[in-house]
Amino acid sequence: MGQGRARNEPLELALYSRDAGVQSGAASAVCFPRSADDVASAVRAATRHGIPYVARGSGTGLAGGATPLDDALVIVTTQMNRVIAIDTHDQLAMVEPGVLNLDLSRHTRPLGFHYAPDPSSQQACTIGGNVGTNAGGPHCLASGVTSAHVLEIEVVLPTGEIARLGSLAPDTPGYDLRGAFVGSEGTMGICTQVAVRLMPNPPEVRTLLLDFMSVEAAGATVSGLIAAGIVPAALEMMDAEITRAVEDFVGAGYPRDAAAVLLCEIDGLAGGVAYQVDAVRRIGYEHGARNVRVAANEAERQLLWKGRKSAFGAIARIAPDYYLHDAVVPRTKLVGVLESIYAIAREQQLTMMNVFHAGDGNLHPLIVFDGREPGVWDRVHAAGSQILRTCIDAGGVLSGEHGVGMEKRDLMPLQFSNDDLAAQGRLIDAFDPDGLANPRKVLPSGWRCGELNQRSAPVPEGTWI
Amino acid sequence: MDLTFERIAVPIIETLRGDDARVVAHGSGTHAATANPVEFGCEEIRVPSGIVRHDPADMTVTVLAGTTCRELADVLGEHGQEVPLDPADDRATIGGVLACGLSGTRRLRLGPVRDAVLEVRVVDGNATLIKGGGPVVKNVTGYDIPRLMVGSFGTLGVIVQATLRCRPKAPSQRWYRTERDPFAVRQAMFKPTSILWNGHETSVLIEGFEQDCDDEAARGNLTEAAGNGSAWIFDARSRSHRGRISVRPTDVRATMSRLAMDSSVHCVAEVGVGTIHVSSDDVEALVRARAAAVAESGWLLRESGGPLGFDGFGDGVANSGLAGRVKSAFDPHGKLAPGRMPL
Ligand SMILES: Cc1cc2nc3c(=O)[nH]c(=O)nc-3n(C[C@H](O)[C@H](O)[C@H](O)COP(=O)(O)OP(=O)(O)OC[C@H]3O[C@@H](n4cnc5c(N)ncnc54)[C@H](O)[C@@H]3O)c2cc1C
């Protein structure tokens with residue numbers, strides 16, 4: 001790799017010692033490859049020296065996936081940021097992993113297409129990171145999360161080989177290794193190119209804001225819509241605290257006195273859109289909506305979305321620290337689970353807000369606090385684990401989109417048996433026999449071969465230049 | 001009868017514990033000849049049928065792997081829901097459809113079969129009952145074992161139970177015909193459900209609200225028709241030699257031209273997807289069809305027939321080194337469907 005593309009100055013290392021989650025690690029060096037070959041040489045060199053390595057996009061991950069442990073080498077893909085091709089005939093795009101999610105849609109929208117998965121962090125996160133976490137977003141409700149949009153990926157496997165997983169043809173002979181790789185959080189290798197499916201821009205889009213006097217009524221509306229066979233393009237919920245915070249921050253036109261609001265988007269062809277907008281309005285009122293407003297024009301629509309997408313910026317103004325959770329429950333259980341979650345926050349004397357992907361039951365309880373307050377972290381962690389247990393008890397899962405990373409690694413036994421974890425351990429060993437690709441992530445310790453002899457030496461001087 | 005997946009797994013685990021165990025899961029046999037034949041002497045395992053849980057308001061359904069697609073469609077249909085698996089023969093079992101990973105002809109709009117699977121319970125070659133995925137519609141917890149099981153032809157595990165994502169059935173479903181170029185039709189339309197082309201005629205399926213169907217038909221300049229293209233695929237079942245070509249969607253036209261040189265071959269292409277269903281009464285036809293696919297950088301999966309020694313996949317599997325290690329992770333002693341996949 002060329003001069004200046006591998007560095008180990010203390011400031012730089014500090015910058016790459018964590019992602020947007022709460023835990024930090026320590027990097028021994030960081031490098032900025034420009035090609036698959038660069039990535040492969042970094043992986044091979046690290047392997048030769050027995051040093052672990054971590055793939056990193058923008059580091060917006062919230063589960064510690066990109067946080068370097070054991071003095072790992074951080075391999076940052078942000079300089080691999082070319083859109084290689086957009087094919088409107090086959091409705092796909094080929095991109096390098098460092099392309100920002102929003103930039104891809106910016107490229108394709110004028111051509112009549114968009115890339116559907118739109119994480120709230122889409123201005124900052126990379127497609128490679130999205131592949132790493134199998135990212136979701138508000139518009140994944142109708143069209144599916146990242147995995148459903150990734151056709152083929154070029155990856156540098158932990159063995160140092162460059163392989164293509166999946167294909168542009170609909171089926172690939174053999175196992176769906178593409179499917180296994182998406183969401184593997186950098187533990188199966190590093191993707192260096194991605195072919196994604198593009199979707200035609202919908203001819204009609206309507207965005208509705210429903211407001212409620214209780215969280216229960218909003219939750220019941222979500223269940224009511226799903227049960228009635230309405231699948232909106234997006235269905236997001238915000239409770240009273242976050243609605244007010246957002247309103248103070250960007251003035252999106254949300255009612256400040258609502259106990260909860262639902263942001264619902266319907267898209268498609270005119271006839272179906274009109275029918276579904278009516279259905280949403282009717283079901284909303286049946287379940288106690290105080291008001292249902294349809295954005296009158298594109299500007300109003302954009303503003304409603306701006307509110308939702310600014311939620312995290314708004315929080316920064318309220319308290320110095322926040323802890324964002326991510327779990328999924330069956331949509332029929334939303335109301336009950338929300339009640340329990342609020343009760344947990346009250347019991348732990350914490351401020352809690354909820355802004356989440358209600359349509360697929362993907363909760364994001366958000367605890368805001370001041371980390372300088374003595375003992376507060378203990379209460380934050382206690383509340384967090386109670387929340388996750390509540391979701392699992394309701395038939396849910398530990399993570400809907402942020403991933404396991406370091407954060408939930410040790411909670412995996414809540415969801416999986418020893419046999420399940422052993423099978424996952426054998427699978428990851430098949431991809432990463434040396435155990436150097438982002439080790440000690442996803443699986444709790446004890447489920448992989450040779451885990452104990454993975455302590456690394458520092459990077460030998462001059463290895464990377 | 002109280003049939004839980006744990007109970008069902010007991011004898012399967014017992015069988016797989018044997019050092020010399022060689023097993024193959026058997027559904028309804030509609031795709032028993034797909035890919036490669038298993039080695040002689042494999043013990044057949046049949047998983048019972050049954051809907052374990054259907055939660056209409058959550059739009060998820062959990063079924064035992066032996067459940068047929070028809071049974072599932074009947075139960076979901078009562079609630080206006082479906083899982084668009086669409087096998088040519090609806091006696092196919094859920095376990096079989098997932099193991100073969102063969103998507104239905106509505107893939108253009110509704111996606112491949114792998115996207116419908118939320119959770120699987122399988123007995124692997126280590127004789128352990130394992131779970132992959134989770135029973136909710138969105139989940140990134142742990143490695144994606146469900147995706148690996150789909151299309152693994154039973155070589156990684158015997159699927160005992162699966163949880164699938166349901167969708168509301170479209171209020172209307174209409175077939176159209178057109179003489180126009182099917183590729184131009186595809187570009188002109190918004191989200192057609194299926195565009196089937198046999199080289200002469202194009203048959204288009206549109207699903208949605210009544211007005212949406214009219215709107216789409218106008219975009220594609222289509223005429224409503226009584227007959228439909230899915231019958232072409234259904235009819236193909238009467239021919240002994242069948243295969244499924246997979247090429248990049250743009251290469252469908254060139255592949256169809258190559259296939260047209262062989263008058264014994266019947267072809268139905270899924271335009272926009274890249275799947276071409278081929279069938280023939282001539283035993284050598286699959287050899288020629290495979291050559292046509294390979295010439296366009298695609299491949300052909302045998303669904304049935306072909307000459308003696310005709311390989312189910314042709315050129316082996318992609319990334320065979322890694323695939324082999326994955327196989328060993330789940331089935332180190334090669335007990336599951338030996339011979340079925342070239343690994
Ligand atoms: C305000 C905010 C809002 C968010 N909203 C959402 C949301 O709506 N939906 C959602 O899903 N997430 C959301 N996230 C989480 C985060 O943005 C996503 O997980 C995103 O996919 C991470 O992308 P990144 O480029 O920052 O990746 P990173 O954080 O750098 O990495 C994420 C993981 O992917 C791996 N990885 C990175 N690049 C590669 C590669 N090239 N090959 C293989 N593995 C790789 C890393 O090792 C790591 O495990 C949000 C985060 C924030 C801060």
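Tabulated data for the structure shown
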item: Amide H within-cut-off set for residue A:70, under 5 Å, with H built and near neighbours excluded; result: A:26
item: Value at 222 nm in deg cm²/dmol, rounded to 500, when DSSP H runs of n ≥ 4 in chain A each add -39,500 (n - 2.57); result: -9500 deg cm²/dmol
item: For residue A:290, residues with placed amide H under 5 Å, excluding near neighbours; result: A:211, A:212, A:213
item: Residue A:49 versus residue A:270: modelled label distance in nm, points set 7 Å from Cα along the beta carbon direction; result: 6.4 nm
item: Solvent exposure of chain B as accessible area per residue, Å², 1.4 Å probe; result: 38 Å²
item: Phi to ³J(HN,Hα) by Karplus 6.51 cos²θ - 1.76 cosθ + 1.60 over the stretch A:420-427, Hz, x for Gly, Pro; result: 5, 5, 5, 5, 5, x, 5, 5
item: Reach of residue B:138 by Cα under 28 Å, taken over lysines that are not fewer than 8 positions away in the same chain; result: A:306, A:309, A:333, A:408, A:441, B:169, B:191, B:327
item: Leading residue at positive end of dipole, the stretch A:204-313 (Cβ point charges), from A:255, A:271, A:237; result: A:271
item: For the stretch A:319-393: accessible area per residue (Å², 1.4 Å); result: 37 Å²
item: Cα-centred dipole magnitude for the protein assembly as shown, charges only on beta-carbon of K, R (+1) and D, E (-1), debye, nearest 20; result: 580 debye
item: Buried accessible area, chains A and B (both chains, 1.4 Å probe, Å² to nearest 100); result: 6300 Å²
item: Label point at residue B:43 placed 7 Å out along Cα→Cβ; residues across the stretch B:3-26 whose backbone nitrogen lies under 14 Å; result: B:9-26
item: Estimated FRET transfer efficiency (residue A:102, residue A:82; beta-carbon r; R0 22 Å; 0.05); result: 0.90
item: Filtered chymotrypsin sites (Phe, Trp or Tyr not before Pro), the stretch A:349-415: DSSP coil and at most 14 other beta carbons within 10 Å; result: none
item: 3J(HN,Hα) from dihedral phi, the stretch A:239-247, Karplus parametrisation 6.51/-1.76/1.60, rounded to Hz, x for glycine, proline; result: 8, 4, 4, 6, 4, 5, 4, 5, 4
item: Cβ-Cβ FRET estimate between residue B:33 and residue B:187, R0 fixed at 56 Å, reported to 0.05; result: 0.90
item: Residue-span extension gain [residue B:223 to residue B:333] - 0.36 nm each, minus C-alpha spacing; result: 34.0 nm
item: Cα centroid of the stretch A:1-67 to Cα centroid of the stretch A:294-366, whole Å; result: 32 Å
item: Helix-only CD estimate at 222 nm, as mean residue ellipticity for chain B, using -39500 (n - 2.57) per DSSP H run (n ≥ 4); result: -7500 deg cm²/dmol
item: Accessible-area composition of the protein assembly as shown, carbon plus sulfur, in percent [1.4 Å probe]; result: 50 percent
item: Per DSSP, loop trypsin sites (Lys or Arg not before Pro) in the stretch B:84-122 with at most 16 further Cβ within 10 Å; result: B:91
item: Residue B:254/residue A:349 FRET efficiency (R0 60 Å; Cβ-Cβ; nearest 0.05); result: 0.30
item: Spin-label model distance (nm) - residue A:298 vs residue A:248, 7 Å beyond Cα toward Cβ; result: 3.4 nm
item: Stretch gain in nm, segment residue A:339-residue A:291, where the contour uses 0.36 nm per residue and the Cα spacing is subtracted; result: 15.0 nm
item: Per residue, in Å², the accessible surface of the stretch A:204-313 once ligands and nucleic acids are set aside, probe 1.4 Å; result: 34 Å²
item: Cα→Cβ-extended label distance, 7 Å offset, between residue B:179 and residue B:74, nm; result: 4.4 nm
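The values are calculated or read from the model by the stated rules, or taken from the named source; none is laboratory data. The model shown is predicted, which means the values in this text are computed figures rather than measured ones. Heads up, the Cβs are rebuilt from the backbone with ideal geometry, glycines too, and the neighbour counts pull from every protein chain shown. Heavy atoms of the whole protein, side chains included, go into the accessibility calculation; ligands, DNA and RNA do not. Shrake-Rupley method; radii C 1.70, N 1.55, O 1.52, S 1.80 Å.
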